[in-house]
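A.B. asks: Below are the structure tokens for one structure; questions will follow.
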Amino acid sequence: MHIKETFGKKVKLLRKGKNLSQEELALKSGLNRPYISAIEQGKRNVSLEVMEKLANSLEIHIKELFEE
């Protein structure tokens, strides 16, 4: 599996674990819903800034985005 797909699956798992919709995560993070969807599908190569926004919005430490 490609790293973008692995990362996207982790974001989706964490989002669902917080009972957030893609729209809710988008609003909390300042990103748009199609972008969140593309991340979760492994179609986007996200920046460190986007990773930080996602972590903050999910109320987790950024390292949790990479833990198995």
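The values are calculated or read from the model by the stated rules, or taken from the named source; none is laboratory data. Please read all numbers here as calculations on a predicted model, not as lab measurements. Note: ideal-geometry Cβ built from the backbone for every residue, glycine included; neighbour counts use all protein chains shown.
A.B. asks: Under 9 Å by Cβ, and 6 or more places apart or on different chains, what pairs join a residue from the range 32-49 that is closer than 14 Å to Lys9 by Cα and of a type in the set (A, V, I, L, M, F, W, C) with one that is in a loop (DSSP other than H, G, I, E, B) and modelled with pLDDT of 95 or more?
C.D. replies: Close Cβ pairs (under 9 Å, with a partner that is in a loop (DSSP other than H, G, I, E, B) and modelled with pLDDT of 95 or more) amount to Ala38/Arg44; Ile39/Leu31; Ile39/Val46.
A.B. asks: Which is surrounded by 13 or more Cβ atoms within 10 Å (Cβ to Cβ) and in contact with a Gly (Cβ under 9 Å, 6 or more places away or on another chain), of Lys10, Lys18, Lys4?
C.D. replies: One residue alone meets the criteria, Lys4.
A.B. asks: Give Glu68, Glu52, Glu23, Glu64 a once-over and let me know the one that is touching a Lys or Arg at 6+ places or on another chain (Cβ under 6 Å), surrounded by fewer than 17 Cβ atoms within 10 Å (Cβ to Cβ) and of a type in the set (Asp, Glu).
C.D. replies: Result: Glu23 is the single residue among Glu68, Glu52, Glu23, Glu64 that is touching a Lys or Arg at 6+ places or on another chain (Cβ under 6 Å), surrounded by fewer than 17 Cβ atoms within 10 Å (Cβ to Cβ) and of a type in the set (Asp, Glu).
A.B. asks: Follow-up. Considering only the range 9-55, state which residues are over 18 Å from Glu67 (Cα atoms) and hydrophobic (A, V, I, L, M, F, W, C).
C.D. replies: Result: Leu20, Leu25, Ala26, Leu27, Leu31, Ile36, Ala38.
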